[in-house]
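The values are calculated or read from the model by the stated rules, or taken from the named source; none is laboratory data. Everything numeric in this text was worked out from a predicted model, so none of it was measured. No Cβ is skipped: glycine too gets one built from the backbone with ideal geometry, and neighbour counts run over all protein chains shown. The accessibility values were calculated without ligands, DNA or RNA, using every heavy atom of the protein model including side chains. Shrake-Rupley method; radii C 1.70, N 1.55, O 1.52, S 1.80 Å.
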Amino acid sequence: MAVRKTLGRARALRVIPDALLANDTPRARPVHMHLEHTTVCDHVCSTCIRAERIDDEVHMPVDEACAHIDDIGPRFLSLNGIGEPLLHPQWDDIVRHAIDRHGASVGFATTGTHFADQAERICASGVGLVKVSFHGARPRTFSRLASGRKLEVVEGGIAALLLAKKRLGRGPEVRLNYVVSDKSYTELGEAIRVAARLGVSAVYFKGALVTAGRNSGLAGEHPIEELKDSVAEAASLAEHHGIDTNLPRWTREIARIGDVPPDQRPTPRGRCLIPWISVFVRIDGTLLPCCNCTWHPDEGHMGQVGKDGTFDEVWRGETFRKLRSEVRDGTYSLTICQDCPDPVTAPQFAESALHKLWPGFLSG
């Protein structure tokens with residue numbers, strides 16, 4: 001296992017020259033992959049694309065999932081798409097394949113409603129990071145935005161998972177992924193209190209990626225002074241409780257563009273690295289450059305593995321090359337790139353590495 005992890009780290013370093021030089025045709029495969037191993041979910045949360053468009057609900061066969069993983073040999077694997085990862089009956093077989101064959105670090109985002117009956121299974125699987133989606137930190141807000149999920153049920157599940165981790169002496173890091181929207185931005189401090197009460201060590205705050213696009217990162221719908229106060233309160237509480245967050249970045253962004261009208265806000269600084277370091281594999285083998293492309297289902301298709309060639313042929317094919325050229329030059333044809341509120345730039349990447357609090361992936 002140690003040898004495989006070392007080899008995996010070495011492979012990961014190969015993406016750096018391509019990403020920094022912005023090569024249209026990278027020699028290295030992506031270091032990270034999202035794998036949509038299921039589109040089955042028992043919730044339709046307000047900040048999920050399922051609230052607007054639900055595709056057929058199916059599970060990816062394990063052999064297909066493993067074949068996609070083998071095509072890429074990722075250093076980091078996120079088992080996520082528009083489904084709930086724990087509803088796939090063999091999700092842990094996929095996890096173990098990625099770990100045993102490729103030395104991958106594996107993580108997933110989840111509603112947190114299936115922890116109580118799968119706590120020991122999660123701890124035994126080898127998953128390194130579990131991200132629990134939080135849409136509010138008070139019971140009423142949480143239930144309203146999270147398709148009727150009960151906050152106490154999710155909190156109870158997290159407690160069960162952490163207890164199983166303590167009992168078994170192994171298990172994943174657990175963090176809250178708090179979705180900052182116009183309905184939840186006043187509860188950031190309460191999210192820190194929830195994390196402290198449960199013994200969760202990190203909270204990642206992400207702007208809701210809704211149709212308002214990049215103006216919703218520091219969302220145009222958020223009264224900026226109220227948002228500033230909420231961020232400041234949460235940051236102070238996080239420091240008091242020793243909880244890691246990405247709130248310093250929110251503070252800097254508010255200072256940079258908070259007084260600029262939403263429709264006049266500049267694009268984020270720096271070039272996005274995602275088309276060189278990551279790929280999203282949909283349930284049918286279609287490749288997307290970024291998980292955010294699920295918000296625009298009719299665009300962003302780079303090609304389908306099998307139908308349009310091997311993974312390498314699609315990864316280095318004309319459609320992907322065109323996208324990388326656009327990202328390099330700042331001329332975006334994809335709506336999601338034009339509107340993206342949170343591109344993964346080199347400065348953000350460096351800050352994430354320093355604090356080991358990665359933006360939704362590259363962890364575990």
| said: I want to check the label-to-label distance for Tyr332 and Lys150. Put each point 7 Å from Cα in the C-beta direction and report it in nm to one decimal. | reply: 4.1 nm
| message | So if each residue of separation counts as 0.36 nm, and I subtract the Cα-Cα distance between Arg14 and Gln304, what length gain in nm does that give? | response | 102.0 nm
| query | Computed on alpha carbon atoms, what radius of gyration and Dmax characterise the range 165-204, expressed in Å? | reply | 12.4, 40
| task | Considering only DSSP beta bridges where both residues belong to the range 20-177, give the percentage that are antiparallel (nearest 5). | result | 5 percent
| task | Beyond 18 Å, what share of the Cα-Cα pairs of the range 267-327 is found? Please give it as a whole percent. | result | 31 percent
| note | Projected onto their principal axes, the Cα atoms of the range 221-331 stretch, largest extent first, over whole-Å spans of 52, 34, 22
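Hey, with R₀ at 25 Å, roughly what FRET efficiency would Gln264 and His240 work out to, going by the Cβ-Cβ distance, to 0.05?
Calculated value: 0.10.
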| query | Between Arg252 and Asp93, how many nm apart are label points set 7 Å from Cα along the C-beta direction? | reply | 4.5 nm
| query | What number in nm² do you get for the range 57-179 if you take the convex hull of its Cα atoms and divide its surface by four? | reply | 7.5 nm²
| note | Distance in nm between Glu318 and Ala116 label points, each 7 Å along Cα→Cβ, equals 5.5 nm
| said: At 1.4 Å probe size, what's the solvent-accessible area of Trp295? Round to the nearest 10 Å². | reply: 40 Å²
